[in-house]
Amino acid sequence: MSIDQADSASLNSQTANSIHGRVLVVDDDNGILRMLAEALPALNFEVATHDNAEDGLRALAATDFDVILTDLLMPGMDGIQLLQSIRQHDLEIPVVLMTGTPTVDSAIQALEYGAYRYLKKPVRLAELQTVLLGAARQHKMAHLRLAAATIAGEAVVRAGDLAGLEARFGLALETLRMDFQPILNAKDGTIYGYEALMRCDEPSIGNPGAMLEVAERVNGLHALGRAVRESVVKSIEEAEAGWSLFVNLHPEDLLDQQLGSPTEAFSKIADRVVLEITERSRLERIPDVRSRIRALREIGFRIAVDDLGAGYSGLASFAQLEPEIVKLDRSLVQHVDSTQTKQKLVRSINALSRDMGVTVVAEGVETVAERDSLLELGCDLFQGFLFARPAPPFASANWETP
Ligand code: G
Ligand code: MN
């Protein structure tokens with residue numbers, strides 16, 4: 001079966017802007033295919049239907065889609081096998097699985113291969129609409145991130161001479177403290193919160209990147225993460241009640257049982273904290289990212305994707321994290337006032353983020369021209385040397401030109 005002729009004809013009469021996305025539906029139940037071929041265009045989705053996975057794959061090879069909606073149990077290739085085979089060449093396209101007989105095993109497999117959602121049949125149309133709209137937006141965001149990544153440059157931090165690493169790491173931990181850099185509200189320049197940035201007195205470990213690299217080599221990432229969180233807890237006493245504190249997480253921290261446990265003092269300040277996870281990090285080594293993030297969110301933490309555009313990992317980290325906040329990478333911010341490609345991209349990211357209820361932080365803002373351009377493009381929050389450098393807690397910031 002190919003694209004339903006009647007449906008594509010009726011779609012062509014609509015304007016391109018009103019289409020949320022193109023959905024590929026695969027299900028061996030022709031009744032469901034007919035129903036969706038009629039219902040989805042009415043909800044402004046283009047739709048192609050196939051009654052087996054092999055034909056679905058062929059259609060996918062020939063045409064771009066934004067979302068795949070597939071049945072789980074089908075004769076021949078089933079939904080999980082279809083998902084697996086899609087993931088061999090496309091890590092981003094959202095795949096929604098439907099099944100009348102959900103099992104724990106198939107749900108686990110679905111997540112493992114990066115399914116977007118797992119829905120129980122009969123699926124209500126309103127629910128399907130919400131899921132498909134969310135999925136189509138994720139797919140658009142994936143494209144924007146890819147475009148952003150091509151603008152971004154990568155700076156790899158090296159720790160230098162690695163002799164005596166453990167001793168140096170020990171000293172770094174002992175002298176660890178946090179500097180804080182303000183994040184300002186675009187609407188009035190008041191303080192929204194501060195990002196905590198680690199500092200230490202070990203001269204050979206001059207920046208957070210080097211510190212993380214050393215910690216990684218000596219197996220000290222959990223120790224470092226705990227020290228950072230302890231330090232933030234101490235500082236929060238000096239912070240005004242309305243401020244949020246942004247704390248950088250290493251993916252490895254997600255594996256530390258202490259993070260989010262009721263015994264850790266950090267959990268008690270969860271509703272004041274935004275956990276930043278950088279897009280540079282690889283999340284695929286962390287099993288069950290979604291449920292770990294969900295658990296943190298349930299305690300009250302908010303999640304931010306840091307350095308958006310810098311490390312397009314192609315691994316759907318944005319979709320996995322469903323962040324409340326995104327922080328545009330500095331490479332998008334730098335010279336944005338004079339670079340049209342960046343302006344277009346930032347404007348699109350802001351518009352899509354607004355649709356998704358996501359707050360956008362422009363970070364690394366250094367000039368008034370960049371600030372004014374980003375304001376006009378619709379960023380919500382601002383951070384950068386223009387307003388304040390990272391400093392011991394909690395210095396004020398200049399919204400107006402210093
Ligand atoms: O990756 P992450 O967003 O966590 O990095 C924050 C880093 O960016 C900190 O080391 C901070 O000192 C630095 N930083 C903050 N504002 C600016 C800025 O305006 N310009 C530059 N070059 N770096 C900045
Ligand atoms: Mn950060």
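Longest span of the chain, sites excluded, free of GluC sites (Glu not before Pro) in DSSP loop with at most 12 other C-beta atoms within 10 Å?
241-399
Please compute the contact order of the chain in relative form: average sequence separation of alpha-carbon pairs under 8 Å and at least six residues apart, divided by the residue count, as a percent.
13 percent.
For the stretch 156-248, which trypsin sites (Lys or Arg not before Pro) are both in a DSSP coil and crowded by at most 11 other Cβ atoms within 10 Å?
When the trypsin sites (Lys or Arg not before Pro) of the stretch 156-248 are filtered for loop state and at most 11 Cβ neighbours within 10 Å, 158, 187 remain.
So what's the chain giving for Rg/Rh, alpha carbon basis, Kirkwood Rh from the mean inverse pair distance?
Radius of gyration relative to Kirkwood radius: 1.01.
Once you have the Cα-Cα distance between residue 201 and residue 112, take 0.36 nm times their residue separation minus that, and quote the gain in nm to one decimal. The partial results should precede the final answer.
Working: separation 89, 0.36 × 89 = 32.04 nm, distance 4.19 nm.
Using 0.36 nm per residue and subtracting the Cα-Cα distance, I get 27.9 nm.
Between residue 188 and residue 90, with labels modelled 7 Å along Cα→Cβ, what's the label distance in nm to one decimal, could you check?
4.7
Given C-alpha coordinates of the stretch 245-402, what is the ratio Rg to Rh with the Kirkwood estimate of Rh?
Rg/Rh: 0.99.
If you average the sequence gap of Cα pairs under 8 Å that are 6 or more apart and divide by the length of the stretch 188-317, what percent do you get for the contact order?
On the way: 155 pairs, mean separation 29.9, N = 130.
This gives 23 percent for the stretch 188-317.
Near residue 103, within a Cβ-to-Cβ distance under 15 Å, what is the net charge of the other residues, with Lys and Arg +1 and Asp and Glu -1?
Counting the neighbours of residue 103, the net charge comes to -2.
Give the relative contact order (percent, whole number) for the stretch 252-402; include only Cα pairs under 8 Å separated by 6+ residues.
Normalised by residue count, the contact order of the stretch 252-402 is 16 percent.
For the stretch 47-55, what does the Karplus curve 6.51 cos²θ - 1.76 cosθ + 1.60, with θ = phi - 60°, yield as ³J(HN,Hα) per residue in whole Hz, taken in order and with x for Gly and Pro?
Coupling constants for the stretch 47-55: 9, 10, 10, 9, 9, 8, 5, 4, 5 Hz.
For the pair residue 179 and residue 146, how long in nm is the line joining their label points, each one 7 Å along Cα→Cβ?
About 3.8 nm, to one decimal.
Would you list 317, 204 from fewest to most Cβ contacts within 10 Å?
Exposure proxy ranking, most exposed first: 204, 317.
Placing unit charges on C-beta atoms (Lys and Arg positive, Asp and Glu negative, everything else neutral), compute the dipole magnitude of the stretch 291-382 about its Cα centre in debye, rounded to 20.
So the dipole magnitude of the stretch 291-382 works out to roughly 280 debye.
Report the full-extension gain for the segment residue 341 to residue 54: residue separation times 0.36 nm, less the Cα-Cα distance, to one decimal in nm.
99.4 nm
Anything over 21 Å Cα to Cα? Flag those among 234/268; 120/140; 140/344; 140/327, in the order listed.
120/140
About its Cα centre, what dipole magnitude does the chain give when the only charges are +1 on Lys and Arg Cβ and -1 on Asp and Glu Cβ, stated in debye to the nearest 20? Write out the running numbers ahead of the final one.
On the way: 38 positive and 58 negative charges, 65 e Å.
Value, rounded to 20: 320 debye.
Along the charge dipole of the chain, Cβ charges K/R +1 and D/E -1, which of 194, 146, 109 sits furthest on the positive end?
194
Using 0.36 nm per residue of separation minus the Cα-Cα distance, give me the extension gain between residue 42 and residue 64 in nm, one decimal.
5.9 nm
Bear in mind these aren't lab numbers, they're just calculated from the coordinates by the rules spelled out. Not measured: the values here are computed from a predicted model. For neighbour counting, all protein chains shown are included, and Cβ atoms are generated from backbone atoms with ideal geometry for every residue, glycine included.
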